[in-house]
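One structure below.
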Amino acid sequence: MIPQYFIAALPDLPLSFYQKLEKLYQINCYPEFRLPFHVTLFYLGELNDEQRVKVCNWFDNKKEIPRIEAKIKGIKSFYKNEKPFVYFLDLESSDLHNLNKEFHIFSDIHRDDFPFAPHLSLFFPKFSINQEEHNSLQDVFSDIKRISFKKIYLGSVIDNVTHIHKFLPCI
């Protein structure tokens with residue numbers, strides 16, 4: 001398989017977030033988690049050697065990124081074939097939008113056909129959930145209002161396994 005590259009923000013999630021994940025197993029959807037939890041800032045896709053060097057040089061020339069903050073607006077899902085295929089925390093953050101804009105320097109590598117929507121994927125359900133379960137899902141994370149991010153990284157995915165190649169701390 002050819003690696004698919006992306007630039008992502010790694011959240012600094014509280015212990016309470018991870019403790020809440022166990023409650024998701026009470027929802028009859030068989031949730032699949034994909035770690036590490038992250039926000040994709042810019043999808044790059046396949047990279048040739050020249051493109052990989054360009055992206056790595058950007059990381060090498062930056063020393064740090066200003067601290068990134070985001071407000072959690074609630075839990076939503078993306079749909080495929082009229083069924084939810086991923087549930088996520090919907091985020092509001094000018095910091096994330098600004099970073100996404102900065103990464104448009106890589107638009108010669110990839111351009112998305114849809115606008116940037118900052119979100120943190122929670123799980124991929126094997127079965128759909130009903131409205132009552134959706135409401136309980138909202139309750140699980142209702143007391144977490146904000147998250148911050150500790151790093152951004154260049155990652156790739158091969159066979160659903162994430163590899164981290166470069167990273168920068170958020171100060």
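Relative to the longest principal axis of the Cα atoms of the chain, the long axis of helix 49-61 lies at roughly 80 degrees.
Applying Stokes-Einstein at 25 °C and 0.890 mPa s to the Kirkwood radius of region 1-67, computed over alpha-carbon pairs, gives a translational diffusion coefficient of 163 µm² s⁻¹. Close amide H partners of K166, meaning residues 5 or more places away or on another chain with modelled amide H under 5 Å apart, are L154. For K73, the residues whose amide H sits under 5 Å from its own are D90, L91, E92, ignoring neighbours fewer than 5 places away on the same chain, with H placed 1.01 Å from N.
Could you work out how far helix 131-140 tilts from the main Cα principal axis of the chain, as a 0 to 90 degree angle to the nearest 10? Long axis of 131-140 versus the principal axis of the chain: about 60 degrees. What the phi angles of region 106-114 give under the Karplus curve with 6.51, -1.76 and 1.60, with θ = phi - 60°, is a coupling list of 9, 5, 6, 8, 7, 10, 7, 8, 10 Hz, glycine and proline written as x. Taking a straight line from the alpha carbon of K166, these lysines sit under 28 Å away, with near neighbours fewer than eight places off in the same chain left out: K54, K62, K63, K71, K101, K150, K151. A simple rule links phi to the HN-Hα coupling: the Karplus curve 6.51 cos²θ - 1.76 cosθ + 1.60 with θ = phi - 60°, which for region 64-75 gives 6, 10, x, 3, 10, 10, 8, 9, 8, 8, x, 10 Hz, with x for Gly and Pro. Of the three principal axes defined by the Cα atoms of the chain, the extents in descending order read 49, 35, 25 Å.
Every number in this text was worked out from the coordinates using simple rules, so none of it is lab data. This structure is a prediction, so every number in the text was calculated from the model and none was measured.
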